[in-house]
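Since the structure comes first, as structure tokens, the remarks are kept for the end.
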Amino acid sequence: MDFKQKELIKATVPILQSAGAILTEHFYKRMLGQHPELKEVFNMGNQANGRQKEALAGAVLAYAANIDNPSVLLNVLKGIGNKHVSLSIKPEQYSIVGEHLIASIKEVLGDAANDELLEAWTIAYNQLADIMINIEKEMYLANLEKEGGWNGWRNFTIGKISEESKEIKSFFLYPTDGKKIADYKAGQYVSVQVYVKEIELLQPRQYSLSTVPNSEFYRISVKKETAILNNPAGMVSNTLHGMQVGDTINLSNPAGIFSLRPAGTPIVLISGGVGVTPMLSMLETNRDTLKNKTIWVHGCRNASVHAFKEDVNLIQEEADWLDTYLFNEDVDDQSDSAIIEGRVDLNKCKEAILLEDAHYYICGPEMFIKTHYNSLINFNVSKSNIFYEEFGPGSINLN
């Protein structure tokens, strides 16, 4: 790509800022209309609420803005690559996306999308596609080299279901073929694929693995998403909550770049609601192997939706390295002095969490992450020591 073409790409940034949502909506409608089989790859719930379109617009904008040095996006690209591999994305599907993205730029921008701009974007997209294909190729190979690893979808049987709160159930998933399963890092996730009757499609979702790695089963803990205001009920979470022991689902090999770093430094785990799931895996792993000083900060609406409270209490009874700070928006039992009323506020435990060289892990919805990431930055915590996992299509990039 020459200098002029790069300048054309960068000049697209303000256009994308003003027309990005329209462009991506047109793109998805165009592509899924001509390739309906891809509806089983994309999260149709996020298609309906617009979050996937926002995530694509943000990614396109970031790439255009960094066209001179796309290597600064490497960590973001690796995160996307992990998700693609967990969904079994194939190289040929990049050609489909590229065809419809360039066509959408032409159709939406009209006269502003001249031949020079379209050629520049075609080259830029193909370069990005090549980067992603190579990243994912290495990940696919790594999956097969790992004992018990696999690519694509593998059938698992639900061996046990446990109720963790009023909203959250844990599913213990055993390989139906009885063969070994791949190890994983605390904090990683699997993609789950189930058939959703309401839309007559297979649908994938990502769920964090919620227990310490073991050789027998995977455990995911799923919040049943009910319809609230303009947000529809979660298609996959409701399907899972309706399943029983003995039912089968498809799983990907474990994936994800959000994982516990094996450093001998303090750990601060900050979660909201069902964001507790990867944190529990990290906490249990620290208990079994590292025993680093750990601060557990968790918030939820009330006691009835507080998952894994007893699990954490049991660990704390035996662990002098663990301190906990629990926040409930509504405190049911006023005599429970361990609960801090209100939403998570890091100012209320600032002295406890500001530990030398500590690693900070945040998991929850977008606004939860942004709020507490910014609080840590205001506390002069280094960005390089803050790690986060967003529940959703990955629309934020703070580092």
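Coordinate-derived values only; no laboratory data. All figures in this text were calculated on a predicted structure; none of them were measured in a lab. Please note: Cβ atoms are built from the backbone with ideal geometry, for glycine as well, and neighbour counts cover all protein chains shown.
Between beta-carbons, use under 15 Å as the cut-off and find the net charge around ALA352, counting Lys and Arg +1, Asp and Glu -1.
-2
Take peptides 95-102, 206-213 and line them up by average Cβ neighbours within 10 Å, highest first, as a rough protection proxy.
Peptide ranking by packing, descending: 206-213, 95-102.
For region 154-251, just the Cα set please: Rg and Dmax, both in angstrom.
Using the Cα atoms of region 154-251, the pair Rg, Dmax is 13.4, 44 Å.
What is the distance, in nm, between label points placed 7 Å from the Cα along the Cα-to-Cβ direction at ASP130 and at ASP330?
About 5.8 nm separates the two model spin labels.
Normalised by the residues of region 154-251, what does the relative contact order come to in percent, with Cα pairs under 8 Å and at least six apart?
35 percent
To one decimal place, what orientation-averaged projected area in nm² is obtained for the convex hull of the Cα set of region 269-399?
7.9 nm²
What share of all Cα pairs of the chain, in percent, falls into each consecutive 10 Å distance bin?
So the P(r) values, bin by bin, are 4, 21, 30, 26, 14, 4, 0, 0.
Given a Förster distance of 22 angstrom, what is the FRET efficiency for SER215 paired with ASN151, based on the Cβ-Cβ distance and rounded to 0.05?
Computed FRET efficiency for SER215 and ASN151 comes out at 0.65.
Could you work out the helix-only [θ] at 222 nm for the chain, with each DSSP H run of four or more residues adding -39,500 (n - 2.57) and the total divided by the number of residues, to the nearest 500 deg cm²/dmol?
-13000 deg cm²/dmol
Please report the spacing between the Cα centers of region 170-234 and region 271-301 in Å, no decimals.
Here the two parts' Cα centres lie 19 Å apart.
Restrict the search to region 336-366; then list the GluC sites (Glu not before Pro) that DSSP places in a loop and that have at most 12 other Cβ atoms within 10 Å of their Cβ.
Within region 336-366, the qualifying GluC sites (Glu not before Pro) (loop, at most 12 other Cβ atoms within 10 Å) are GLU356.
I want to verify the translational diffusion coefficient of region 23-142 in µm²/s; compute it with Stokes-Einstein, Rh as the Kirkwood radius over Cα pairs, at 37 °C and 0.692 mPa s.
Stokes-Einstein gives a translational diffusion coefficient of 217 µm²/s.
Report ³J(HN,Hα) in whole Hz for each residue of region 351-359, in order, from the Karplus equation J = 6.51 cos²θ - 1.76 cosθ + 1.60 where θ = phi - 60°; Gly and Pro get x.
5, 6, 8, 7, 10, 4, 6, 5, 9
Quick one: what are the phi-derived ³J(HN,Hα) couplings along region 66-75, Karplus 6.51/-1.76/1.60 with θ = phi - 60°, whole Hz, x for glycine and proline?
10, 4, 5, 8, x, 5, 5, 9, 4, 5
Among all the aspartates and glutamates, which ones have a C-alpha under 17 Å from LYS293's C-alpha, if same-chain residues fewer than 8 places away are not counted?
Straight-distance partners of LYS293: GLU284, GLU317, GLU318, ASP320, ASP323, GLU351, GLU356, ASP357.
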